[in-house]
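Scroll down for the structure; my scribbles are underneath it.
The values are calculated or read from the model by the stated rules, or taken from the named source; none is laboratory data. Owing to the predicted nature of the structure, the values given are computational and were not obtained by experimental measurement. Quick reminder, even Gly has a Cβ in these numbers, built from the backbone with ideal geometry, and neighbours come from all protein chains shown. Remember, those area values only see protein heavy atoms, side chains included, never the ligands or the DNA or RNA. Shrake-Rupley method; radii C 1.70, N 1.55, O 1.52, S 1.80 Å.
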Amino acid sequence: MEFKYFDIPGVVEILPRVFGDVRGAFFESFSTQKMEAAGVIGNWVQDNQSRSDRGVVRGLHFQKPPYTQAKLVRVAAGRALDVIVDIRRDSPTYGRHISVVLDSERFNMLYVPEGFAHGFTALEDNTLFLYKCTNYYAPQAEGGLLWNDPALAIDWGVQTPTISAKDQILPTLAELESPF
Ligand SMILES: Cc1cn([C@H]2C[C@H](O)[C@@H](COP(=O)(O)OP(=O)(O)O[C@H]3O[C@H](C)C(=O)[C@H](O)[C@H]3O)O2)c(=O)[nH]c1=O
């Protein structure tokens with residue numbers, strides 16, 4: 001298992017060791033011991049899975065305190081462009097984003113700390129997106145950021161995505177009153 005770090009502290013990409021053979025492939029998708037050794041620490045209480053076809057954008061979402069979630073995200077099938085935005089008000093990288101392609105060949109994962117908005121583009125049909133969360137779903141605490149806010153300068157890899165009505169009216173970074 002390899003770990004890559006970014007110029008935004010706390011964000012970690014995990015590259016598991018994938019064992020391929022004539023039958024297919026095997027990898028350990030989660031190990032508390034190995035993850036905590038790399039700084040991927042959380043009380044994981046809920047697993048989610050979504051399926052999206054190519055061109056779907058979901059996000060940018062977060063949950064407000066006291067229901068803040070850190071996430072550990074990966075794809076089990078397909079490929080996704082995962083995007084996270086630092087919305088911690090006192091962070092020197094406030095408003096900066098990191099984007100990482102998650103695929104079902106390397107089975108790479110991304111650890112999204114608390115204080116980030118999260119979203120992704122499905123780059124292939126039948127992209128199965130799996131993620132662990134450190135807090136339960138709390139719809140009353142849902143928050144979001146407009147995916148195509150020019151101030152974020154995010155290249156989602158798609159111009160006219162399939163996106164929920166709810167996500168199309170999320171606030172811009174300038175309008176956001178970040179709770180972090
Ligand atoms: C997130 C969630 C949703 N739901 C229900 C609520 C809706 O009836 C339905 C679809 O929810 P939503 O449209 O919010 O799903 P996504 O747009 O994929 O939301 C997720 O997308 C981005 C990428 C994220 O990082 C978040 O984890 C999450 O917000 O599932 C639940 O029952 N439990 C949950 O934890």
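Some points to look at:
- Segment residue 125-residue 6, extension gain: residue separation times 0.36 nm, minus the distance between their alpha carbons: 40.0 nm
- Computed from the Cα positions only, the extents of the chain along the three principal axes stand at 52, 35, 30 Å, in decreasing order.
- Residues whose amide H comes within less than 5 Å of that of residue 79, counting only those at least five positions distant or on another chain, are 123, 124 (H built at 1.01 Å from N in the peptide plane).
- Atom-type composition of the exposed protein surface of segment 2-169 places 49 percent of the accessible area on carbon and sulfur (1.4 angstrom probe).
- Pairwise FRET efficiency - residue 53 versus residue 26, Cβ, R0 = 30 Å, nearest 0.05: 0.65
- Total formal charge among the other residues, if their Cβ is under 13 angstrom from that of residue 63, Lys/Arg +1 and Asp/Glu -1: 0
- Solvent exposure, largest accessible area first (probe 1.4 Å, DNA, RNA and ligands not counted), of 132, 166: 166, 132
- Separation of the residue 159 and residue 45 label points, Cα + 7 Å toward Cβ, nm: 4.4 nm
- The residues of the chain expose, per residue, 51 Å² of accessible area to a 1.4 Å probe.
- For segment 135-147, the Karplus equation 6.51 cos²θ - 1.76 cosθ + 1.60, evaluated at θ = phi - 60°, returns couplings of 8, 6, 4, 9, x, 5, 10, 5, x, x, 9, 5, 4 Hz by residue, with Gly and Pro reported as x.
- Pairs with C-alpha atoms separated by more than 19 Å, drawn from the list 71/166; 4/34; 4/64, are 71/166; 4/64.
- Normalised convex hull volume, segment 1-60, alpha-carbon set, Å³ per residue: 167 Å³
- Residue-averaged 222 nm ellipticity for the chain, from DSSP H runs of 4+ at -39500 (n - 2.57), nearest 500: -1000 deg cm²/dmol
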